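Here's the structure, in structure tokens; my notes come after.
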Amino acid sequence: MAIKTLISEEELNLKVKELGEKITDHYKDKTDEIVALCVLKGSINFYSDLVKRIDMNVLYNFIQVSSYSGTNTTGRIKVKSWVEESLEGKHVIIVEDVVDTGNTLKYIIKYLERQNPASIEIASIVVKNVHPHGINVKFPGFDIGDYFIIGYGLDYDEKYRNLPYIGYIE
């Protein structure tokens with residue numbers, strides 16, 4: 001199986017630094033604290049790199065949901081863990097690995113809105129442009145076509161998450 005590089009480690013580092021600066025600029029006049037919500041497992045590398053580049057207090061939070069089995073989306077959202085702390089009145093940024101169909105994010109946003117946060121924004125290292133997902137990704141990383149991507153937290157049957165770049169299988 002040949003893995004081709006789609007986004008290099010250097011490109012990822014530059015983009016994450018840029019996104020950290022944009023997030024800091026966006027929130028600096030609104031608050032000195034945000035809740036960064038990591039969507040596990042795929043977002044862990046992006047999340048870890050991003051929060052270090054946000055120049056304000058960042059409260060860490062994690063949720064685990066999935067809709068994939070192998071290379072295919074199942075269409076069903078499987079929830080493994082949710083936010084424990086109250087988000088009422090807080091500025092929340094959902095840190096996502098990839099926006100594809102948008103179904104998982106819509107589910108997460110609907111759930112979070114019930115807690116009355118001050119705001120909900122999305123940062124995603126990759127946004128696929130093949131589906132009209134209707135998600136407003138305030139802090140997008142890379143816009144890509146219809147690739148099944150791996151690396152930088154993204155997996156194929158739990159493998160390849162530890163690659164330092166984003167690749168695809170030919």
_Cross-link partners of Lys41 among aspartates and glutamates (Cα-Cα below 17 Å; sequence separation of 8 or more within a chain)_ = Asp49, Glu96, Asp97, Asp100, Asp155, Asp157, Glu158
*At a Förster distance of 41 Å, what's the computed FRET efficiency of His131 paired with Asp32, Cβ-Cβ distance as r, to 0.05?*
0.65
*asked:* Counting each pair of different Cα atoms once, what's the Kirkwood radius of the chain in Å, rounded to one decimal?
replied: 16.2
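Where the only charges are on Cβ atoms (+1 Lys, Arg; -1 Asp, Glu), what is the dipole of the chain about its Cα centre, to the nearest 20 debye? Spell out each step's value before the answer.
On the way: 20 positive and 25 negative charges, 90 e Å.
In debye, rounded to 20, the chain gives about 440.
How much length, in nm to one decimal, is gained on full extension between Glu85 and Glu18, taken as 0.36 nm per residue of separation minus their Cα-Cα distance? It would help to have the intermediate numbers written out before the result.
On the way: separation 67, 0.36 × 67 = 24.12 nm, distance 2.89 nm.
Length gained, Glu85 through Glu18: 21.2 nm.
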*Please give the direction-averaged projected area of the C-alpha convex hull for the range 88-134, in square nanometres with one decimal.*
3.1
*Within the chain, percent of DSSP bridges classed antiparallel, to nearest 5*: 35
*Which peptide among 9-15, 136-142, 41-47 comes first, and what is the full order, when sorted by highest mean count of other Cβ atoms within 10 Å?*
41-47, 136-142, 9-15
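Values quoted throughout were computed directly from the atomic coordinates according to the rules given, and no laboratory measurement underlies them. Small disclaimer: the values here were computed from a predicted structure and weren't measured. Every residue, glycine as well, gets a Cβ built from its backbone with ideal geometry; the counts of neighbours run over all protein chains shown.
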